[in-house]
Amino acid sequence: MAEILTPEMKKSLKDSFKVLKDDVAIFVFTQKGTNDQFNNTVTGLVKELSRIDQRIKPEFHEIGDAVSKEYNITRSPTLLIAPDRYSIRYTGAPLGEEGRSLVMTIIMASTGKTIISEDSRKRLRRLKEKRHVKVFVSPTCPYCPQEVLYAVSAAIERNDLVSAEVIEIYENRDLAAQYSAMSVPKTFINETLTASGLEPEERFMESLIEGRPVEYVTPAEREELKDYDIVILGGGPAGLTAAIYAERSGLGSIVFEKANIGGQVAITPVVENYPGFQRIAGKTLVEMMAQQAMQYAPILQGIGVDDIKKKDKGFEIITARGVYKARAIIIATGATHRKLDVPGEKELSGRGVSYCATCDGYLFKDGKNVMVVGGGNTALTDALYLDGIGAHVSLVHRRDSFRAEARLQETLSRRNIQVYWNSQVVEIIGDKTVEKVKIKDLKTGKTQTIETDAVFISIGYEPNNEIARKLGLDIDDKGYIKVDRKQRTSMPFVYAAGDVTGGEKQIAVAVGQGTIAAISAFEDLSSPYWKGA
């Protein structure tokens, strides 16, 4: 069998595993004739990991033997991590993005040190009943590993009451169908759905304790007021760049990102128009940006802002982690996917209706019928990605021509992808999952119903402008924050950059605006322009 890990990966893992303390047993369970390709891959992977560091102790078992019966293992492949100390299970091979969570799980199981905050540890002390956490994932979902690591951390911190199971949806399609987990990550606690998508750490922990979905989280114990020159809201290209330039200007800064570092770029399969890279995965580009930014400023992922208040000398930013004080604010909160607002969309969201082809497309890669809605760069990129992994793709666009870049249009024309021109989706139909889509021809008024297994909606974005509204900033008729050429908003010492300001939604634009916002903040804090020369 060919080796799975490249020499570069092995070197990186060897460095990562230097922190290992106790031996970590990894039990691998397989059954011939079931997911053989994944069985062989995960077996080879675990063997290679054990050769990189001898503190990783693999055991290989067949489903049906005494050990599999002891741990009630019935699915192939299954991994148990440190079963002598913890209840942590991977049901399905942890490949792709989940390889990252596997490495971190091994490290945490060996050291006993988790990624969660002291605030979360205090919350977990309140737990009195057993909790079993299921997180459904796919190997192409960049949001999934963080949700998994919350579950694993809880299973390590409270190994007396918490067990964690990571379920790969493609290898366990019956479970995905049973739990309607066609969109990932999806989290269940004791069979109760608590989250669809990545959630903030505090909300995950509070939902775990309560055993039900929790929307608002009261801080367990607020940290003392912390002072910064600049608080940056958003960890996409604009926010990360702003942090670099702020710190290099001598301004202490901190970045809050309530979801995933990188924003929309993290779920872009391939970036071909960012200077310096002919072709690079969006996730890779974001990781490079984040690693550089973290050399300058702390980045708090999974931490959203509950409220923000203007004070005489700056701002108070209130989070579930604590209260922070800033002299200036840079809003780089980006934008979220726009909805169709048609019957069936909300009801079937996460059950075949998706806004992230990279996250959820993997389940449909074996020739399943999928429909992409939209005509811009994102829609065509999604269609090409889905076609590339083996789905049978059609595309619905309300106009007679695309708005996307010419190169994307040229690539699409070479693929066998049917396009419904001058058409719009008027209804998404299905019982438990998407089954059909009704589309209307805008020229003739006629409708037709098309069978499909999934609908990927890529029709543009809506700005994440909640903070702007709280501060009373000027916004345009589409909800985007109004800024001048120096990225200044209508309130002194508040700046905005990236997709939340509208305009061209390009990585290069966001980076440029983040740069300008940080430099403007430095200039204004040094000598406010509105006070005159």
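Relative contact order of the chain, please, whole-number percent, based on alpha carbon pairs below 8 angstrom and at least 6 residues apart. If you can, show how the numbers build up before the last one.
Values: 1173 pairs, mean separation 60.3, N = 533.
The value is 11 percent.
So how far, in whole Å, is the C-alpha centre of segment 43-104 from the one of segment 458-497?
One Cα centre to the other: 48 Å.
For segment 376-486, what percent of Cα pairs sit more than 23 Å apart? Walk me through the intermediate numbers first.
Values: 2772 of 6105 pairs.
Of all Cα-Cα distances in segment 376-486, 45 percent exceed 23 Å.
Using the crude model of +1 on Lys and Arg Cβ and -1 on Asp and Glu Cβ, and no other charge, please compute the dipole size for the chain relative to its Cα centre, in debye to 20. Working shown, then result.
Working: 70 positive and 71 negative charges, 115 e Å.
Its charge dipole is roughly 560 debye.
In whole Å, what are the Cα extents of segment 7-210 along the three principal axes, biggest one first?
Taking max minus min along each principal axis of the Cα atoms, segment 7-210 gives 39, 39, 34 Å.
Please report, in debye to the nearest 20, how large the charge dipole of segment 223-324 is about its Cα centre when each Lys and Arg carries +1 at its beta carbon and each Asp and Glu carries -1 there.
Details: 10 positive and 12 negative charges, 40 e Å.
Computed charge dipole of segment 223-324: roughly 200 debye.
What aspartates and glutamates sit close enough to LYS283 to cross-link, taking a C-alpha to C-alpha distance under 12 Å and skipping anything fewer than 8 places away on the same chain?
GLU97
Return the Cα extents of segment 199-349 along principal axes one, two and three, sorted largest first, each rounded to a whole Å.
46, 45, 26
Below 8 Å between Cα atoms, with a sequence gap of 6+, how large is the relative contact order for segment 353-457 in percent?
Details: 218 pairs, mean separation 31.9, N = 105.
Once normalised by length, the contact order is 30 percent.
I need the per residue convex hull volume for the chain, using only the alpha carbons, in cubic angstrom as a whole number.
164
What lysines could a cross-link reach from LYS21, if we take a straight Cα to Cα line under 18 Å and drop same-chain neighbours fewer than 8 places away?
LYS57, LYS113
Which is farthest toward the positive dipole end of the chain among PRO298, PHE315, ILE169, measuring Cα position about the Cα centre, with Cβ charges +1 (Lys, Arg) and -1 (Asp, Glu)?
About the Cα centre, the residue reaching furthest to the positive side is PHE315.
Evaluate the charge dipole of segment 328-408 about its Cα centre and quote only its size in Debye, nearest 20, assuming +1 on the Cβ of each Lys and Arg and -1 on the Cβ of each Asp and Glu.
Numbers: 10 positive and 9 negative charges, 27 e Å.
In debye, rounded to 20, segment 328-408 gives about 120.
Across segment 305-418, how many lysine pairs, 8 or more positions apart or on different chains, have C-alpha atoms separated by under 14 Å? Please give the number. Walk me through the numbers before you get to the answer.
Values: LYS309/LYS325; LYS310/LYS325; LYS311/LYS325; LYS313/LYS325.
Going through segment 305-418 pair by pair, I get 4.
If you take the charge dipole of segment 122-163 about its Cα centre, with +1 on Lys and Arg Cβ and -1 on Asp and Glu Cβ, which of SER138, ASN159, LEU127 is farthest toward its positive end?
LEU127
Would you list, by chain and number, the lysines whose Cα falls below 21 Å from the Cα of LYS134, excluding same-chain residues fewer than 8 positions away?
LYS69, LYS186, LYS432
Which of GLY512, ILE63, ASN416 sits farthest toward the positive end of the charge dipole of the chain, with +1 on the Cβ of Lys and Arg and -1 on the Cβ of Asp and Glu?
So the residue furthest toward the plus end is GLY512.
Students often check this: by mean Cβ neighbours within 10 Å, which of 401-411, 125-135, 382-392, 229-239 ranks highest, and how do the rest follow? Intermediate results must be reported in sequence, preceding the final value.
Details: 401-411: 14.5, 125-135: 16.5, 382-392: 21.1, 229-239: 29.5.
Final packing ranking: 229-239, 382-392, 125-135, 401-411.
Just so you know, all these numbers are worked out from the coordinates, no wet-lab data involved. Not measured: the values here are computed from a predicted model. Every residue, glycine as well, gets a Cβ built from its backbone with ideal geometry; the counts of neighbours run over all protein chains shown.
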